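To start, the structure under review is shown below, and the notes come after it.
The values are calculated or read from the model by the stated rules, or taken from the named source; none is laboratory data. This structure is a prediction, so every number in the text was calculated from the model and none was measured. Ideal geometry is used to build each Cβ from the backbone, glycine not excepted, and the neighbour counts take in all protein chains shown. Areas reflect the complete protein model, heavy atoms only, side chains present, ligands, DNA and RNA absent. Shrake-Rupley method; radii C 1.70, N 1.55, O 1.52, S 1.80 Å.
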Amino acid sequence: MTAHQSTSVRRSIEVEYWVIDEAGRLVEPDGLIEASPGAEREFVEPMIEIKTTPCESTAELRRELCGRIRTVLQRAAELDKGLVPLSTPITHEAIQELPSERTRIQNEVIGEDFEYVRHCAGTHIHFEQQPGHAVDQLNTLIALDPALALVNSGRHFRGETLAMGARSELYRRLAYDGLAHQGELWPYVADCAEWTDRLEARYDEFLQTALAAGVDRTAVESCFDPESAVWTPVQLREEFGTVEWRSPDTAYPSEILRLSDQMATIIDGIGKTELRIGGENGSITDKEIVLPTFDAVSEYVDAAIEEGLASESVRSYLTRMGFDVEAYEPIAHEVQDGYITQHEARQLRVEYADRLRVDILQTQPLEAD
């Protein structure tokens, strides 16, 4: 989809960035939250989240996201701070949480593994549910999950190479290893009732684990419900009336907007062409959307996390599913392999904060679709 095209699918974006000082040290976003609508604290101290409202068109989404990031960057420059589009802080540094009852409970339930979540910065894209097609949207986004490879922006954790999609490795495979169904990608569903059953089962599992850890039931129920107690990467969100894709890393705004547009184009075709599930290859044409079996999707996801766009099977799959793979330059493929010292990590943060500023200046708002 070109920059001037639009779809009928309303969507919104939430993106997280690490906040640094002029030397690349992680710092709190003091003074930045007030700079723009949609700017909020995240659950760890050195991070800011910037959200858009639901937007009707590509032009509106681009204008709002870039405008809000640009405003925050202007204030950051005044305070000698920067925003870093890397999915992890690279090195082994203590990341402090903001005090909250919800976070306290998660620490009790997940234990030491919750440390992995503190090192993750990502992007969430919400697509408005289309009447009668929400389940098809959900299943399609599950099938498209390997597209996370297009914006992998970090391969390191605690200074060591972990995976081309280090955040996905941390979030899905390490943080929730003790709650196996919580962070992983879920299989396709047949209908909304099946989705609701899954949510309730996972909530009960979470609740029982919390109770076994000594957490008060009332505390859990006041902070979590079935929808907010799961972290699977693709979700039906009744609260917002959306299907949410939580897999992408944080990245340059231009890359996130391109990915959002291409996803929206695919989602917009649901209900207009035949959709079916079968085989291992998957493809999207003018006549049909063919989703591969979930086992096949899982293999593509594993390769997307471990190898990113270095995987020929991932590149071929995403091309068949309608993505312009050559248009993306994931940051993770630029950063050196091997151990990175704290000094080198701080230099990289400063470098990519500068690149983010350049990207936002070059990503001009569109006056019309």
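Given 286, 295, which one is in a helix (DSSP H, G or I) and out of contact with any Leu (no Cβ under 7 Å at 6 or more places or on another chain)?
295
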For region 341-367, which positions are part of a helix (DSSP H, G or I) and either under 15 Å from residue 256 (Cβ atoms) or at pLDDT below 90 (or both)? 352, 355, 356, 359, 360, 362
What number of residues within region 242-279 satisfy the criterion of being surrounded by fewer than 21 Cβ atoms within 10 Å (Cβ to Cβ), more than 13 Å from the chain's Cα centre (by Cα) and basic (Lys, Arg)? 2
Residue in region 118-130 that is under 25 Å from residue 30 (Cα atoms) and of a type in the set (Lys, Arg) present: yes
Go through region 74-85 and give me each residue that's open to solvent by less than 10 Å² (accessible area, probe 1.4 Å) and not β-branched (Val, Ile, Thr). 76, 82, 83, 85
Qualifying position, being in contact with a Lys or Arg (Cβ under 8 Å, 6 or more places away or on another chain), over 27 Å from residue 291 (Cβ atoms), open to solvent by less than 70 Å² (accessible area, probe 1.4 Å) and not aromatic (Phe, Trp, Tyr), among 207, 185, 174: 207
Only one of (1) out of contact with any helix residue (DSSP H, G or I) (no Cβ under 7 Å at 6 or more places or on another chain); (2) under 30 Å from residue 258 (Cα atoms); (3) of a type in the set (Val, Ile, Thr) does not apply to residue 123, and that is (1)
Options 338, 308: the member that is small (Gly, Ala, Ser) and within 18 Å of residue 258 (Cβ to Cβ): 308
How many residues are closer than 27 Å to residue 276 by Cα and modelled with pLDDT under 95 when one looks only at region 173-191? 4
Could you please find all residues in region 153-168 being closer than 9 Å to residue 304 by Cα and either out of contact with any Gly (no Cβ under 9 Å at 6 or more places or on another chain) or outside any strand (DSSP E or B) (or both)? 164
If you take the residues in region 126-148 that are aliphatic (A, V, I, L, M) and in contact with a strand residue (DSSP E or B) (Cβ under 7 Å, 6 or more places away or on another chain), which one is surrounded by the most Cβ atoms within 10 Å (Cβ to Cβ)? 143
Yes or no: region 304-319 includes at least one residue that is crowded, with 18+ Cβ neighbours inside 10 Å and farther than 30 Å from residue 50 by Cα. yes
Just for region 50-59: of the residues that are free of Cβ contacts under 8 Å to residues at least 60 places away in the same chain and polar (S, T, N, Q), which one is most open to solvent (accessible area, probe 1.4 Å)? 53
Residues of region 169-200 being in a loop (DSSP other than H, G, I, E, B) and of a type in the set (A, V, I, L, M, F, W, C), which ones? 179, 180, 185, 186, 189, 190
Matching residues, region 189-202, being within 18 Å of residue 297 (Cα to Cα) and surrounded by fewer than 17 Cβ atoms within 10 Å (Cβ to Cβ): 190
Here is a check on your reading of the model: is residue 62 surrounded by 20 or more Cβ atoms within 10 Å (Cβ to Cβ), closer than 24 Å to residue 151 by Cα, touching a His at 6+ places or on another chain (Cβ under 8 Å) and of a type outside the set (Gly, Ala, Ser)? no
Pairs please, first residue from region 272-301 and within 20 Å of residue 134 (Cα to Cα) and of a type in the set (Phe, Trp, Tyr), second anywhere and open to solvent by 40 Å² or more (accessible area, probe 1.4 Å) and modelled with pLDDT of 95 or more, Cβ atoms under 7 Å, 6+ apart in sequence or on different chains. 294/187
Report, ordered by the first and then the second residue, all pairs with beta carbons closer than 8 Å, sequence separation of six or more or different chains, a first member in region 86-109 that is within 20 Å of residue 152 (Cα to Cα), and a second member that is in a loop (DSSP other than H, G, I, E, B) and open to solvent by 20 Å² or more (accessible area, probe 1.4 Å). 91/158; 91/341; 92/158
Which residues, taken from region 201-213, are more than 24 Å from the chain's Cα centre (by Cα), in contact (Cβ under 8 Å) with a residue 60 or more places away in the chain and in a helix (DSSP H, G or I)? 209, 210
